[in-house]
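Following: one structure in structure tokens, then a few remarks.
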Protein chains: 2
Amino acid sequence: MNKTTEHRIVFQPSGRAVYVLPGTTLLEAAARAGLVLQTPCGGGGTCGKCRVRVYSGQTSEAAAAPHRLPPKQAAEGWRLACSTRVAGEAVVEVPSSSMFETTQRILTSDAGHRLSVAPAVAAIALSLPPPTREDDRPDVARIEAQVGRKLDFPPTVLAGLPGQLRRNRWSVHLVHEGDRILALLPGDAPARTLGVAFDLGTTTVVGTLLDLASGQELGVSSTLNGQIPFGDDVLSRIQRVRERPDRLEELQQAAAGSLNAIAAELLRTAGARAEQVVNVTLAGNTTMQQIVCGIDPSALGEIPFAPAFARGINLPAACLGLDVNPAARVYVFPQVGGFVGGDTVSGMLAAGFDRLTRPVLLVDIGTNGEIALLHGDRILCASTAAGPAFEGARIAQGMRATTGAIEKVVVVDGEMLVNVIGNAPAAGLCGTALIDAVAEMLRHGLLDTTGRILAPDELPAATPPDLRRRLVADDGDSRLVLAAAAEGGVEISLRQRDVRELQLASGAIRAGIDALLQRAGLGPNDLEAVLLAGAFGNFIRRSNAQRIGLLPPLPHERIRFIGNASSMGAKMALVSTAERARAERLRERSQHVDLSSDPGFQMAFGMAMIFPE
Amino acid sequence: MNKTTEHRIVFQPSGRAVYVLPGTTLLEAAARAGLVLQTPCGGGGTCGKCRVRVYSGQTSEAAAAPHRLPPKQAAEGWRLACSTRVAGEAVVEVPSSSMFETTQRILTSDAGHRLSVAPAVAAIALSLPPPTREDDRPDVARIEAQVGRKLDFPPTVLAGLPGQLRRNRWSVHLVHEGDRILALLPGDAPARTLGVAFDLGTTTVVGTLLDLASGQELGVSSTLNGQIPFGDDVLSRIQRVRERPDRLEELQQAAAGSLNAIAAELLRTAGARAEQVVNVTLAGNTTMQQIVCGIDPSALGEIPFAPAFARGINLPAACLGLDVNPAARVYVFPQVGGFVGGDTVSGMLAAGFDRLTRPVLLVDIGTNGEIALLHGDRILCASTAAGPAFEGARIAQGMRATTGAIEKVVVVDGEMLVNVIGNAPAAGLCGTALIDAVAEMLRHGLLDTTGRILAPDELPAATPPDLRRRLVADDGDSRLVLAAAAEGGVEISLRQRDVRELQLASGAIRAGIDALLQRAGLGPNDLEAVLLAGAFGNFIRRSNAQRIGLLPPLPHERIRFIGNASSMGAKMALVSTAERARAERLRERSQHVDLSSDPGFQMAFGMAMIFPE
């Protein structure tokens, strides 16, 4: 039972580091580090877009990959990330030109035509003539004369306006959203205005700090959603409020606490003040969005799960209890349905759904799988209850993808290799390893298509000895040992009922995909691309996902990873009102499909429970 | 020393009652009762507009008044209020057709073309189809589909929206201001939406409850401004905040407390709930408006006294701490300058300044006299510090116009008669009596034009014995006894220094009038009318005000009383957005004249201190 050594790969200029198995492509390693590279050819080594430079360390070139780089560049260490595999420790530079376009659009300013920075909230520096007997105009009129148009001063700003103008000797920065004045900042302070883009997930919250004027990314931070103690999934949290409406506040504060923890960490790292944060965007599922806005989510727990609002809403940060400038505005993404929320719309924005012409499928695999199918002018959206198996829950030895989790299982030359996160003793397995293990078991005949693990004596004669050794009779069923008990540790195995959980989870996603395709009159091969979004989707192995039937059969290179698309869309909307308008239009084009009342879904679900031959 | 008996006059249908001296015209008695009648002829008995019906009681027809009524009507008790004098107790009906036009415009719905009811805040009754699996639209979309347009739901409304819709079984009243939803009221409750129009004076606060949909007036109530303990005039209150900024909150709460006391009384009387009050208008001087809105008034206490805002502002009632529907909107009137505030703009609106073509002067006499001169397209506005003499302050035995105050002094056939408010023993004198007494003293030679009360031995031989008896030597000066010491009471007299105070107060107003006329290149006779507004202005005797020089010499009938114009304007703006737009345009046309830097003012002030010959 081998456990191979994984190698540390450091990506520059971000400095992000990951540990990966030997043989992992640099493309996959970069994705693990949160860096999504351009792969228009699907990682086939033909387009030459995923160029990176290996500074030091060991890599091997894939034999099959035609070399698309000039010899001089190759000599300088330039490689194609898709075709270069890890062979040891390495330091790798990722030029901004190789980043996936939606990332590039925000993170780099040299892209020129692609950069779209026109934030909703901005600041104007003013230096006003003080009032005199000859010029006793009201303060507001004095400001409007210099700005050149009528402005809207809300009462909270008016309250302190006369004092602020005089204390700052008539030099101030006016923080505004269009014609609405949000706050005055002293004229001698640096006027750098900041924003935070939040991806508020049921489990994980991610925040990115951006300079609003330049679009520059100043930091990323994440934490667990503080609501977790109140229930693992959205339904348990909704139920909590349905039982006692006053618990909404408790849940709201828990979510706000997580947002505040992230904001504090981002500000500390960037050396900035909370007052400078004048705009926030927030993308999350419908339940998370409604709860954090203080909107009663009870109706999301009863048929037909109607959300409160559809268009995005814009509200003051003070309403949410955020520790940023109290006048900061918070843009909350538009929602399509009770389980197709702002995160899906944000993901469609990041994926550029409105700029694509051929059919494309966006899939965010999580406890709720959200699926959006672009077909002509229509966007069909659905959610499907995959359950928490992909996050390691309901799996006997399942765990989240953290230190100690087996995250990858691969059979090489008849031997099963596993990778454990953090180079620690194996403590359990996470969702990607679950998919990997089941796919390999199917490939090597350890599992039949109904999902039954064969008994050791049923194995074909050709079964490699390592695999044969790992299959153990287990109380009438069989189990597959992934890692033997380490010193002081436990054996990590995959059990029959774990496979059943995966069948349910995978079948739910696939049935959702098939039901939408059927409704649109499309087959899998009509899809230009399947875009995998979200933390989980970006770590699965495409061939394995297809092997277990999670993803439909279509050419491998059409399955693309687009990273945390929800977070990306939130960043785009933070620095550009045009991107917000795009998000709203995408929502308008979206049609919510209720799978539970879709006649095709139940049949597709039944069929998807059977593994492909 | 006679104190004549005053008679009770009851006006119907309002039921308001007042006590007045015999000989008082019904026009004046009605004004005392807060009922302003139409007097386009200036009360000369020629236009026939102030028709009232005397039901019972004694009145006498003025000999000089030509009878303008058909004999049949006269036989039924119809009289002209301007030409009919009180001779005993009486009950008088005032038909709505006799009310002053701005009053009529709101209070009666039969005026047709004059009634302008299109309130900013209104309610829509909705009965929505409940969501189903086939129709799982978001709640907001469901509402918008029935209303037929996009609506703006603020976060506070969204928060409770899903629960309110479901609890009320999808039947609700939507309270809205344009496209902005303010609140949801249960669908089975009466949907009568109410509003309160406030006139927030430095001393007195008046509130009127109106039905927003019909414009019907449901009650009037007034109280003293709770800020009085913090200083009599605006400057002392501003100074308080300048010394300690945290006192702004104390002053704000005191003002809000007065507004709340009035609202509570109005609601109790009308049998309505606070939740039904969804709109409020507020007209006051600049200091009062800024304080009640929580806007730092410090800059109003330093040259050049620049106000914070000019255009009217619209804010939530919750911001002001008003005990009405927390989502109610409060419209605060536009302001012209530091001492020409929303009450002046509101007064110009009530006076119809934008519908007049010939030069007109609006004067609101108070501690600050506010003067507005309409001349062509321009409106010149100024304020002048008259001081509190007209309100009884700084007068040795001065008092406000409440029970026990001598409010009227008249010499009839050589005998001085006084009227005491409330038919009580005289406890002091109020501003109108001060003007009356000084005017009578000038007429009968007891006072010279420099303002010196003659010594008893200087009196002309023709001085009537009653007046002669009342003039008493007083520590080197003289004093005029208005009322002898009653049993257990005190003597009420007018002293030399009281006359000096009146000269200062009257001179300040008159100098302001003259300075504005001079700037516009007009003489008094160019004025089509002088409109007297405010609580005080409506009780002064025009001939006496002219005798002491407070008002310029122009034909008597051109001086008109228009009642509490500020309160009237607030009512108009409460039930009509068109009236608000008129107020904003009037503000735009207004030019603030700083009298303290006006070269003509100082000279005019000096001249106005001398009583006319």
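The values are calculated or read from the model by the stated rules, or taken from the named source; none is laboratory data. Given the structure is predicted, the values throughout are model-derived calculations rather than measurements. Cβ: placed from backbone, ideal geometry, glycine included. Neighbour counts: every protein chain shown.
Here are the numbers:
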read-out: Residue in segment B:168-178 that is closer than 24 Å to B:Gln289 by Cα, assigned to a strand (DSSP E or B) and more than 26 Å from the chain's Cα centre (by Cα) present; value: yes
read-out: Looking only at segment A:401-428, and only at residues there that are over 18 Å from A:Ala33 (Cβ atoms) and surrounded by fewer than 16 Cβ atoms within 10 Å (Cβ to Cβ), the one that is modelled with the lowest pLDDT; value: A:Ala424
read-out: Top-ranked residue in segment B:150-174 [being at the interface with another protein chain (Cβ under 7 Å from one of its Cβ atoms) and among the small types (Gly, Ala, Ser); ranked as farthest from B:Ala191 (Cα to Cα)]; value: B:Ala159
read-out: Tally, over segment A:459-476, of residues that are of a type in the set (Asp, Glu) and either at pLDDT 95 or above or touching an Asp or Glu at 6+ places or on another chain (Cβ under 7 Å) (or both); value: 1
read-out: Test: residue in segment B:76-99 that is at pLDDT below 90, exposed (fewer than 13 other Cβ atoms within 10 Å of the Cβ) and under 23 Å from B:Glu579 (Cα atoms); value: yes
read-out: Failed criterion for B:Glu584 (all others in (1) at pLDDT 95 or above; (2) out of contact with any Gly (no Cβ under 9 Å at 6 or more places or on another chain); (3) surrounded by fewer than 23 Cβ atoms within 10 Å (Cβ to Cβ) hold); value: (2)
read-out: Top-ranked residue in segment A:438-466 [being of a type in the set (A, V, I, L, M) and part of a loop (DSSP other than H, G, I, E, B); ranked as nearest to A:Phe390 (Cα to Cα)]; value: A:Leu446
read-out: Unmet requirement for B:Ile435, which otherwise passes all of (1) in a helix (DSSP H, G or I); (2) over 30 Å from B:Asp594 (Cβ atoms); value: (2)
read-out: Where a residue in segment B:281-304 is within 11 Å of chain A (Cβ to nearest Cβ) and its partner, wherever it lies, is among the polar types (S, T, N, Q) and part of a loop (DSSP other than H, G, I, E, B), with Cβ under 6 Å and at least six apart; value: B:Thr286/B:Gln335
read-out: Filter pass, B:Ile379 being modelled with pLDDT under 90, under 30 Å from B:Ser116 (Cβ atoms) and β-branched (Val, Ile, Thr); value: no
read-out: Any chance B:Phe198 is at negative phi, touching a strand residue (DSSP E or B) at 6+ places or on another chain (Cβ under 8 Å) and of a type in the set (Phe, Trp, Tyr); value: yes
read-out: Residue match in segment A:20-43 (condition: part of a strand (DSSP E or B), at pLDDT 80 or above and within 30 Å of A:Ala424 (Cα to Cα)); value: yes
read-out: Which listed residue is surrounded by fewer than 19 Cβ atoms within 10 Å (Cβ to Cβ), more than 26 Å from A:Val330 (Cβ to Cβ), away from chain A (no Cβ under 13 Å) and at pLDDT below 90, from B:Thr102, B:Thr108; value: B:Thr108
read-out: Residue under evaluation A:Arg358, criteria (1) assigned to a loop (DSSP other than H, G, I, E, B); (2) more than 30 Å from A:His7 (Cβ to Cβ); (3) touching a strand residue (DSSP E or B) at 6+ places or on another chain (Cβ under 7 Å); (4) more than 14 Å from every other protein chain (Cβ to nearest Cβ), criterion not met; value: (3)
read-out: First in segment B:554-574 and touching a residue at least 40 places away in the same chain (Cβ under 8 Å), second anywhere and acidic (Asp, Glu) and buried (at least 24 other Cβ atoms within 10 Å of the Cβ), Cβ under 7 Å, 6 or more apart; value: B:Asn564/B:Asp199; B:Ser566/B:Asp199; B:Ser566/B:Asp343; B:Ser567/B:Asp199; B:Ala570/B:Asp199; B:Met572/B:Glu579; B:Ala573/B:Glu579
read-out: Selection from segment A:182-195 of residues that are touching a strand residue (DSSP E or B) at 6+ places or on another chain (Cβ under 6 Å), closer than 27 Å to B:Leu248 by Cβ and in a strand (DSSP E or B); value: A:Leu182, A:Ala183, A:Leu184, A:Leu185
read-out: Condition met for A:Thr367 (modelled with pLDDT of 95 or more and β-branched (Val, Ile, Thr)); value: no
read-out: Of the criteria (1) under 26 Å from B:Leu447 (Cα atoms); (2) touching a residue at least 40 places away in the same chain (Cβ under 8 Å), which one B:Arg542 fails; value: (2)
read-out: Verdict on A:Ala328 being within 11 Å of chain B (Cβ to nearest Cβ) and in contact (Cβ under 8 Å) with a residue 12 or more places away in the chain; value: no
read-out: Residue count, segment B:135-149 (criterion: more than 8 Å from chain A (Cβ to nearest Cβ) and either acidic (Asp, Glu) or within 16 Å of B:Glu177 (Cα to Cα) (or both)); value: 5
read-out: Counted residues, segment B:474-507 - those being touching a Lys or Arg at 6+ places or on another chain (Cβ under 8 Å), more than 17 Å from B:Ala405 (Cβ to Cβ) and not in a helix (DSSP H, G or I); value: 3
read-out: Verdict on A:Asp211 being out of contact with any Lys or Arg (no Cβ under 6 Å at 6 or more places or on another chain), acidic (Asp, Glu) and farther than 30 Å from A:Met348 by Cβ; value: no
read-out: Selection from segment B:305-325 of residues that are under 25 Å from B:Glu243 (Cα atoms) and more than 7 Å from every other protein chain (Cβ to nearest Cβ); value: B:Leu320, B:Gly321
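Quick grid of which residues meet (1) crowded, with 16+ Cβ neighbours inside 10 Å; (2) within 24 Å of B:Asn419 (Cβ to Cβ); (3) under 39 Å from the mean Cα position of the chain (by Cα):
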site: B:Asp436; (1), (2), (3): yes, yes, yes
site: B:Glu440; (1), (2), (3): yes, yes, yes
site: B:His444; (1), (2), (3): yes, yes, yes
site: B:Thr449; (1), (2), (3): no, no, yes
site: B:Leu459; (1), (2), (3): yes, no, no
site: B:Ala462; (1), (2), (3): no, no, no
site: B:Pro465; (1), (2), (3): no, yes, no
site: B:Leu471; (1), (2), (3): yes, yes, yes
site: B:Ser478; (1), (2), (3): yes, yes, yes
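Residues checked against (1) crowded, with 24+ Cβ neighbours inside 10 Å; (2) over 30 Å from B:Gly160 (Cα atoms); (3) of a type outside the set (Phe, Trp, Tyr):
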residue	(1), (2), (3)
B:Asp246	no, yes, yes
B:Ala254	no, yes, yes
B:Ala261	no, no, yes
B:Ala264	no, no, yes
B:Ala283	yes, yes, yes
B:Gln290	yes, yes, yes
B:Leu300	yes, yes, yes
B:Pro326	no, no, yes
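Okay, residues lined up against (1) within 14 Å of chain A (Cβ to nearest Cβ); (2) in contact with a His (Cβ under 9 Å, 6 or more places away or on another chain); (3) modelled with pLDDT under 95:
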site	(1), (2), (3)
B:Ile181	yes, no, no
B:Ala191	no, yes, yes
B:Leu200	no, no, no
B:Gly219	no, no, yes
